[in-house]
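Below is one structure, written out as structure tokens; the observations come after it.
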């Protein structure tokens, strides 16, 4: 005679089901009608209540609280990490291309006007001496005429410094940068001289990059960092899609979040808006993946309540 119907609970989805096991074999499997997970049933060898649960309370450990399937979350995280890797590679490629373009030989004209700040206004500085030091270190100078204008042709790419002096006025040094991909200010410069002794000289910097070598190094350094971020997130995406390891997703999300931070730290966001946009998108995806997987790590660390 067949064994009586028994009530079961699926350990995967938590659904309740009933099954009527046969007298043999002792262990039988019944698929859950909700999720298809095989649920084992051990047929008692003696009549109840010899092996009933009520006879020896607490003999069997409680089943863990069923948690919903996390495959959709894993899939979303894996897609996010893969997108971060793609964005990082694309942005790094843009920076490498811009670095080569910046290093190409080129020449520019640096021009502007010197004015004297007197009586709350300004007048063209006649007789001011403007000395330009270019990126290779060559120095040349001009003296302004009645209009206060100055011009230096054939200035090579890179950083340059303008030193402006005039009798009765405090000197001023203005540093700037010019290249095929970034011009911090080379034409139409207006430099004001305030009355005062030589000891009251001031320094003004229009660019965070003092020379062409530093600028190209920053581009290469950011490209290398983005390449590292791409490698970490790509590996994390593959691991996440193959196995449920929330900690790996946390690491990958943190790597994506670092992309906009590095661009901001190296002062490249305002120079290359497309780089800033790509890094910001990678950071948003990294935050999404990090939040999802960190919440799962937190849930997994909570103690499981006993039934």
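Read-outs throughout are calculated quantities, based only on the coordinates presented, and are distinct from any laboratory measurement. Here the structure is a predicted model, which is why all the values come from computation and not from measurement. We place every Cβ from the backbone using ideal geometry, glycine too, and count neighbours over all the protein chains shown.
Annotation: the residues 81, 264, sorted from fewest to most other C-beta atoms within 10 Å of their own C-beta, follow the order 264, 81. Summarising the label geometry, the points placed 7 Å from Cα in the beta-carbon direction at residue 34 and residue 235 lie 3.9 nm from one another. Across the range 121-234, the relative contact order, built from alpha-carbon pairs under 8 Å that are at least six residues apart, equals 21 percent.
With Cα atoms as the point set, the radius of gyration and Dmax of the chain evaluate to 35.5, 118 Å. Legend: translational diffusion of the range 90-245 by Stokes-Einstein, Rh = Kirkwood radius over C-alpha pairs, 20 °C, 1.002 mPa s; D = 120 µm²/s.
Peptide packing: for 222-235, 163-176, 198-211, the average count of neighbouring Cβ atoms within 10 Å per residue gives the ranking 222-235, 163-176, 198-211, highest mean first. Which shape class, rounded, prolate or oblate, goes with the range 182-307 when its Cα gyration tensor gives a ≥ b ≥ c as root eigenvalues, a/c under 1.5 marks rounded, and past that a/b bigger than b/c marks prolate? Prolate, because a/c is 1.5 or more and a/b exceeds b/c. Look at the alpha carbon pairs under 8 Å that are at least 6 residues apart: their mean separation over the length of the chain gives a relative contact order of 18 percent. Spatially, the range 160-213 and the range 241-270 are offset by 38 Å when compared through their Cα centroids. The C-alpha atoms of the chain define a longest principal axis, and helix 246-265 lies at about 10 degrees to it.
Over all Cα atoms in the range 211-259, the spread is summed up by Rg and Dmax: 14.2, 49 Å. Taking a point 7 Å out from the Cα of residue 43 in the direction of its Cβ, the residues of the range 1-31 whose backbone N falls within less than 17 Å of it are 1-7, 19-31.
In the elastic network of the chain, a GNM with C-alpha springs shorter than 10 Å, the most mobile of 18, 140, 101 is 18.
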